[in-house]
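S.K.: Here's a structure for you.
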Amino acid sequence: MSKLDITTLLVGLCGAAAVTTGAALLHPAAGWVCGGSLALVWSYRTARAAAQKGQ
């Protein structure tokens, strides 16, 4: 992994944490829903990228 890849990953994780924390400050359940949604999207995109790399 290059430094750019690591930086991009860390910025993405910090952004997801910030969005989830902000939603949780509005309503605790919203934080869980937001965090779960981000995790599902991340999982989908990662699996899709892995499948395209294998072709």
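We did not get these values from a lab; they are worked out from the coordinates using the rules stated. Owing to the predicted nature of the structure, the values given are computational and were not obtained by experimental measurement. Ideal geometry is used to build each Cβ from the backbone, glycine not excepted, and the neighbour counts take in all protein chains shown.
S.K.: Return the total of residues in the range 8-34 being under 17 Å from Thr46 (Cα atoms) and among the hydroxyl-bearing types (Ser, Thr, Tyr).
M.R.: Result for the range 8-34: 1.
Each row is one residue, and each column tells you yes or no for (1) polar (S, T, N, Q); (2) out of contact with any Ser or Thr (no Cβ under 7 Å at 6 or more places or on another chain).
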position	(1), (2)
Thr7	yes, yes
Leu10	no, yes
Ala30	no, yes
Cys34	no, no
Tyr44	no, yes
Ala49	no, yes
Gln52	yes, yes
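S.K.: Something else: From the residues in the range 16-50 that are surrounded by 12 or more Cβ atoms within 10 Å (Cβ to Cβ) and among the aromatic types (Phe, Trp, Tyr), which one is farthest from Asp5 (Cα to Cα)?
M.R.: Going residue by residue through the range 16-50, those that are surrounded by 12 or more Cβ atoms within 10 Å (Cβ to Cβ) are 16-17, 19-24, 30-35, 37-39, 42.
Subsequent filtering for residues that are among the aromatic types (Phe, Trp, Tyr) retains 32, 42.
Values: Trp32: 27, Trp42: 15 Å.
Among residues in the range 16-50 that are surrounded by 12 or more Cβ atoms within 10 Å (Cβ to Cβ) and among the aromatic types (Phe, Trp, Tyr), the one farthest from Asp5 (Cα to Cα) is Trp32.
S.K.: For the range 16-49, name all the residues that are touching a Cys at 6+ places or on another chain (Cβ under 6 Å) and of a type outside the set (A, V, I, L, M).
M.R.: Thr20, the sole residue that qualifies.
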